[in-house]
Amino acid sequence: MLPGGINLESQNINLKSSMKKLFIACVFFYTTLFLSAQRPEAKHGSVNALPDRIFAYSPNSTIIEGYLGDKINLVIVKRIKSQDIEQLVEPFRHKNETHLWQSEFWGKWIQSAIASYDYNRDPEMLTIIQNAVNELLATQMPSGYIGNYTDSARLQQWDIWGNKYTLIGLLAYYDLTGDKSALRGSCRLADNLLSLVGPGKTNIIKTGNYRGMPSCSILEPIVYLYRRTGDKRYLDFAKYIVEQWETVDGPKLISSALAGIPVSERFPHPEVWWSYENGQKAYEMMSCYDGLLELYRITGEPSYLKAVEMAVKNIIESEINIAGSGTAFECFYHGALYQTEPTYHTMETCVTMTWMKLCFNLLRLTGNSLYADQIENSTYNALLASLKGDGSQIAKYSPLGGIRHAGEEQCGMHINCCNANGPRAFMMLPRFAVMGSEDGVFINIYGQSQSVIPLNKSNNVAINMISDYPVTDRVEISINPEKSENFTIALRIPEWSSNTTLSINGNDVSDVKAGTYKKITRTWNKDDKVVLKLDLSGRLMILNGCQAILRGPVVLARDTRFGDGFIYESAVVKEDRGKVDLKISTNKPANIWMSFSAPLVLGTDLEGDFRNSMQINFCDFASAGNTWGEDSRYKVWIPQTLNVMKTDYKSY
């Protein structure tokens, strides 16, 4: 069953109106059922943790529809439900690996599978998940080890990294079902690791590449395990991991962040890139910071949160590009500055997913809309761009220009890290779309959606959103509590929306500021209507003598399918105080979501009147290059033609 009655014509996936009504009724039921589990970490008698300022509801509380909802459903059908589970389990049976990472794929996949079941309650998916867990647990050795490394290679390379994903997957299944066998299996696996690694044993920093960060990222599920068991050994081990970060050979994840050292400059440029000395590996670094936030939830140690916030601030300022991702060869490299340069292997989808996850955790802990804005940017650009049109593949890299294509098959398997990891980002979106606090509801994603949110044990509120944002700027939100009640609705006002209007039941609301949540506390009644109008005017960004155009959260790109000239030609984008006059394009090739034209003066020939310009077509970055072929080459950054008659031409 797919949520919300979405029609995916290309996949022949349909739900009749009656089925849709039944589904919405089920949402009411499951929302009430999961009211006591708004914070998943609080389930099954776990250890108390610091509360989130903004918490996530059960994923099926919000059904995302429209274009974004279609893509989520496509990922469920083509990348999650159709996965060959036997292929993912098979490496665990043989224990003959010495250096590769086959054991990560099962844990990545099952997290997205559980999230998809949480979202649409597909009974077939639950059966698939149960079988996958049972098959994996059947490979557990008497020692407790679940993995595929030989005895002589244990703890080396990606072995502990694989243990991390196995633990996270098993614990997610335990949270879903309460099945004690999954918890026992997790404890046995962790106990086996604790018997080999720790004070007086093998140093976890020395068990893999990249300053030990892949192995140290097991911090996250170790804290989860402590929460669910209360076993102090796991908390002690978590603290041990963090202590090792600051030793001579460690990655210095806390001290470097607190000292303001950029994430790309913490260690010398490595002589061997894929090696222990490389301390700039982004995916693994951010995974460690995710674990540190989980430990902060237990200990309340302020330096942990501060270190992550400062690291993320640096990543936003120096690494994240216009499309909401970053890295080259999977490492930080001052990517925000160099994003205009053609660069090998940029914007790995694993990095995009982990960046979104880290921002989501910080949003929950701090309530800062900055992190929500980052997630929106990544979603509409880097994440959607990674998905092939038919949903069959998720690109490993999604650069800002060139050709999209599938990543290589890894580890002798018909899968790679990004095909396994990308669905986790898509399945995070229902939890991000509408969130909650002690006194109200936070709305993060605009567009077509239906939500049923538990205000408290005696009152639910239905939130129905009608909009094709970000195609258009108007968002209508119907608020329908079961009974009138005073509570807060917090609307995310994106930092780019400089001219936003808001009304309730036709009455204008003042003091709406970009880059904040607009919190409206009042008695809400049935059929109250909020109308939000966001500023989707075109914006010009200039960097390193290049130009890019944005519209709302969406980056625009030239694409050869428009047939309106050489996309790599220099040009000057006509603008007025940073604004670009965008018009809806009359030339829209197939399989493109949004297209607009902008006024450009092309090339270097100004024998005519240089004030004249041509209307050149652009599409949304996610659609650019989506044939994954030569017929759809694309480019975001346009070289700016130098005009020496301008007094500031040297600033180009």
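The values are calculated or read from the model by the stated rules, or taken from the named source; none is laboratory data. As the structure is a computational prediction, the values presented were derived from the model and not from experiment. We place every Cβ from the backbone using ideal geometry, glycine too, and count neighbours over all the protein chains shown.
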Residue count, the range 494-544, condition touching a Gly at 6+ places or on another chain (Cβ under 6 Å) and among the hydrophobic types (A, V, I, L, M, F, W, C), comes to 2
Looking at this structure, is Tyr234 free of Cβ contacts under 8 Å to residues at least 60 places away in the same chain, more than 25 Å from the chain's Cα centre (by Cα) and under 23 Å from Asp191 (Cβ atoms)?
yes
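Does the range 89-98 contain at least one residue that is in contact with a Leu (Cβ under 6 Å, 6 or more places away or on another chain) and at pLDDT 95 or above?
Yes, the range 89-98 has at least one match.
Which residue out of Ala433, Ala425 is under 21 Å from Asp70 (Cβ atoms), among the aliphatic types (A, V, I, L, M), assigned by TED's automatic domain parsing to the domain that holds Ser61 and touching a strand residue (DSSP E or B) at 6+ places or on another chain (Cβ under 7 Å)? Show your work before the answer.
Numbers: Ala425 fails: touching a strand residue (DSSP E or B) at 6+ places or on another chain (Cβ under 7 Å).
Exactly one of Ala433, Ala425 is under 21 Å from Asp70 (Cβ atoms), among the aliphatic types (A, V, I, L, M), assigned by TED's automatic domain parsing to the domain that holds Ser61 and touching a strand residue (DSSP E or B) at 6+ places or on another chain (Cβ under 7 Å), namely Ala433.
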Conditions first: (1) buried (at least 16 other Cβ atoms within 10 Å of the Cβ); (2) out of contact with any Lys or Arg (no Cβ under 7 Å at 6 or more places or on another chain); (3) assigned to a loop (DSSP other than H, G, I, E, B). Met645 passes all but one, so which condition is the exception?
(1)
Of the residues in the range 621-634 that are surrounded by fewer than 24 Cβ atoms within 10 Å (Cβ to Cβ) and either charged (D, E, K, R) or in a strand (DSSP E or B) (or both), the one that is modelled with the highest pLDDT is Arg633
What tally of residues in the range 349-396 results from selecting those that are assigned to a helix (DSSP H, G or I), without any contact (Cβ under 8 Å) to a residue 60 or more places away in the chain and closer than 25 Å to Leu50 by Cβ?
3
Out of (1) farther than 14 Å from Arg561 by Cβ; (2) of a type outside the set (D, E, K, R); (3) modelled with pLDDT of 95 or more, what's the single condition that is false for Leu642?
(3)
Determine whether Ile520 is within 30 Å of Glu476 (Cβ to Cβ), under 25 Å from the mean Cα position of the chain (by Cα) and not assigned by TED's automatic domain parsing to the domain that holds Thr340.
no
Set Pro142, Pro199: member being in contact (Cβ under 8 Å) with a residue 24 or more places away in the chain, closer than 24 Å to Phe237 by Cα and not in a helix (DSSP H, G or I):
Pro199
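Going by what's in this entry, would Lys164 be described as of a type in the set (Lys, Arg), at pLDDT 95 or above, buried (at least 24 other Cβ atoms within 10 Å of the Cβ) and over 30 Å from Lys519 (Cβ atoms)?
On the way: of a type in the set (Lys, Arg): yes; at pLDDT 95 or above: yes; buried (at least 24 other Cβ atoms within 10 Å of the Cβ): yes; over 30 Å from Lys519 (Cβ atoms): yes.
Here the answer is yes, as Lys164 does meet what is asked.
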